[in-house]
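> Okay, here's the structure, questions in a sec.
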Amino acid sequence: AVTRTFSIIKPDATRRNLTGAVTKMLEEAGLRVVASKRIQMTREQAEGFYGVHRERPFFNDLVEFMISGPVVVQVLEGEDAVTRNRDVMGATNPANAEPGTIRKELAESIEANTVHGSDSEENAKIEIDFFFKPEEIVG
Ligand code: CMP
């Protein structure tokens, strides 16, 4: 079925002027950008968005990284969008990602890993709602 997922192009990518390169890889994987905006995340937004990781040892560094520069938040639409997006992103740690994936080709480290993507359709809905109003999404 055609579904939606949520994506973030992270500060390591915007810093290296890779917004277009990442988006091209998403599009070539069969995903369509139906909403997109470049934002500077606030600390409160980053802490809220990554709330499930609050107890993890990497949480504070992750928040600092996510507010270290602009990000591009996107809603992606396509056949089985969550899985399709996860496939093209590759493993969280670029060292473990398959060749041809965004993280293998572009990511710097497990933290500066270029993209975020929702891990389930349920979380995709929550994450989309966190950053977008319904009228900002044009399918
Ligand atoms: P993301 O998919 O955005 O979800 C949580 C993020 O935490 C992850 O990508 C990484 O950028 C970051 N992170 C940093 N260290 C780790 C780690 N050891 N395990 C998982 N995620 C990590």
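> Would you work out the charge dipole size for the chain about its Cα centre, treating the Cβ of every Lys and Arg as +1 and the Cβ of every Asp and Glu as -1, and quote it to the nearest 20 debye?
Values: 17 positive and 23 negative charges, 74 e Å.
In debye, rounded to 20, the chain gives about 360.
> Shifting gears a bit: In a shell of Cβ-Cβ distance under 11 Å around residue 92, excluding residue 92 itself, what net charge do Lys and Arg (+1) and Asp and Glu (-1) give?
Values: positive: 86, 103; negative: 111, 119.
Around residue 92, the charge tally is 0.
> What residue among 78, 3, 23 has its Cα farthest toward the positive end of the dipole of the range 1-84, where the charges are +1 on Lys, Arg and -1 on Asp, Glu, each on the Cβ?
Result: 23, furthest along the dipole toward the positive end.
> Then there's this: When Lys and Arg each count +1 and Asp and Glu each count -1, what net charge do the other residues less than 11 Å away from residue 112, Cβ to Cβ, add up to?
0
> Run through the range 1-100 and list the chymotrypsin sites (Phe, Trp or Tyr not before Pro) located in a DSSP loop whose Cβ has at most 14 other Cβ atoms within 10 Å.
On the way: sites: 6, 49, 50, 58, 59, 65; in loops: 50, 58.
Here the chymotrypsin sites (Phe, Trp or Tyr not before Pro) that fit, given the DSSP loop and packing criteria, are 58.
> What residue among 138, 126, 112 has its Cα farthest toward the positive end of the dipole of the range 60-139, where the charges are +1 on Lys, Arg and -1 on Asp, Glu, each on the Cβ?
So the residue furthest toward the plus end is 112.
> Give me the tail of P(r) for the range 12-81 as a percent: Cα-Cα pairs with distance above 20 Å. Before the final figure, lay out each step's value.
Values: 1005 of 2415 pairs.
Taking all Cα-Cα pairs of the range 12-81, the fraction more than 20 Å apart is 42 percent.
> Taking the range 52-139, which trypsin sites (Lys or Arg not before Pro) meet the DSSP loop condition and have no more than 16 other C-beta atoms within 10 Å?
Sparse-neighbourhood loop trypsin sites (Lys or Arg not before Pro): 54.
> Could I have the simple spin-label model distance between residue 58 and residue 108, label points 7 Å from Cα toward Cβ, reported in nm to one decimal?
1.5 nm
> Hand me the trypsin sites (Lys or Arg not before Pro) from the range 1-36 located in a DSSP loop with no more than 16 other Cβ atoms within 10 Å, in residue order please. List each step's numbers first, then the result.
Working: sites: 4, 15, 16, 24, 32; in loops: 16.
Within the range 1-36, the qualifying trypsin sites (Lys or Arg not before Pro) (loop, at most 16 other Cβ atoms within 10 Å) are 16.
> Sticking with the crude label model, points 7 Å out along Cα→Cβ, report the distance from residue 125 to residue 1 in nm, one decimal please.
1.0 nm
> What residues have an amide H closer than 5 Å to that of residue 118, excluding those fewer than 5 places away on the same chain, when H is modeled at 1.01 Å from N in the peptide plane?
Amide H neighbours of residue 118: 6.
> Also, I was wondering about something else. Return the inverse of the average 1/r over all pairs of distinct C-alpha atoms in the range 1-134, which is the Kirkwood hydrodynamic radius, in Å to one decimal. Walk me through the intermediate numbers first.
Details: mean 1/r = 0.0682 Å⁻¹.
Answer for the range 1-134: a Kirkwood hydrodynamic radius of 14.7 Å.
Values quoted throughout were computed directly from the atomic coordinates according to the rules given, and no laboratory measurement underlies them. For clarity, every value in this text was computed on a predicted model and none was experimentally measured. Glycine gets a Cβ as well: all are built from the backbone with ideal geometry, and neighbour counts include every protein chain shown.
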